[in-house]
1. Under 7 Å by Cβ, and 6 or more places apart or on different chains, what pairs join a residue from the range 131-156 that is within 14 Å of ALA214 (Cα to Cα) with one that is basic (Lys, Arg)?
2. Within the range 54-76, is there a residue that is open to solvent by less than 50 Å² (accessible area, probe 1.4 Å), part of a helix (DSSP H, G or I) and at pLDDT 95 or above?
3. Could you please tell me which pairs satisfy a Cβ distance under 8 Å, a separation of 6+ or placement on different chains, a first residue in the range 85-97 that is of a type in the set (Phe, Trp, Tyr), and a second residue that is assigned to a helix (DSSP H, G or I)?
4. LEU156 fails exactly one of the following numbered conditions: (1) out of contact with any strand residue (DSSP E or B) (no Cβ under 9 Å at 6 or more places or on another chain); (2) modelled with pLDDT of 95 or more; (3) among the hydrophobic types (A, V, I, L, M, F, W, C). What is the number of that condition?
Amino acid sequence: MSQQPPPVGPQDTPPSSPPFAPPPPPAPAPYAPYAPYASAPRGPGASPYAGAPYAPTYQPPAYSPYAVETYAHWGRRVGALLLDSLLTMPGWLLAVIGFVMLGAGSGSRTRTGNTAVSGVGVVLVLVGYALMIGITIWNRYVRAGRTGQSWGKKVLGIRLVREVDGRPIGAWLAFGRDLAHTVDGFFYLGYLWPLWDAKRQTFADKICSTVVLAR
């Protein structure tokens, strides 16, 4: 009698297909240097950035001081000059009193009185002129050169600046600009030029490349 194979249970049934397996991950791409630096030399001691073109990402805007300011009117410029002249009035008064005393001393009947009055007059004249010169240097050159505003310009809200960048012109250029005003004095044409000039400049302003602005 032949033997029969033992019955096969469900647990003994061989699988019809292998179990599901996820595909393998893709292989990483080979390293490729950034395009601008690909041609950079790689020798010993060479900079990794050599040969890379420089491309700045920020471009500062062009300076325009006239966006919120306009060229100062001729009348305001004249008014500022008159106010600056008022600062020198004490010096002028001392000098005038000194000259009067010199005249009185020369007409004195006694030598002692003549010497005393004339001496005081000379002192007053020297002090007066020194005061005028000192105030002018401080107000029109030092102060206006650093800030763009003398006392008169500050009162009337105008300022003297360089035409190219709108910055104060400095003490030396302020002094040179006053010397250039001698050109404006010929028939006073240069002083009147701002009345019809597009930038309201005098001849001295054009020579020194300066403008006077007002808010």
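1. GLY148/ARG159; GLN149/ARG159; SER150/ARG140; SER150/ARG143; LYS153/ARG159; LEU156/ARG76
2. yes
3. Hits for this filter: TRP92/GLY128; TRP92/MET132.
4. (1)
The values are calculated or read from the model by the stated rules, or taken from the named source; none is laboratory data. As the structure is a computational prediction, the values presented were derived from the model and not from experiment. Positions of Cβ are generated from backbone atoms using ideal geometry, with glycine treated the same way; all protein chains shown enter the neighbour counts. The accessibility values were calculated without ligands, DNA or RNA, using every heavy atom of the protein model including side chains. Shrake-Rupley method; radii C 1.70, N 1.55, O 1.52, S 1.80 Å.
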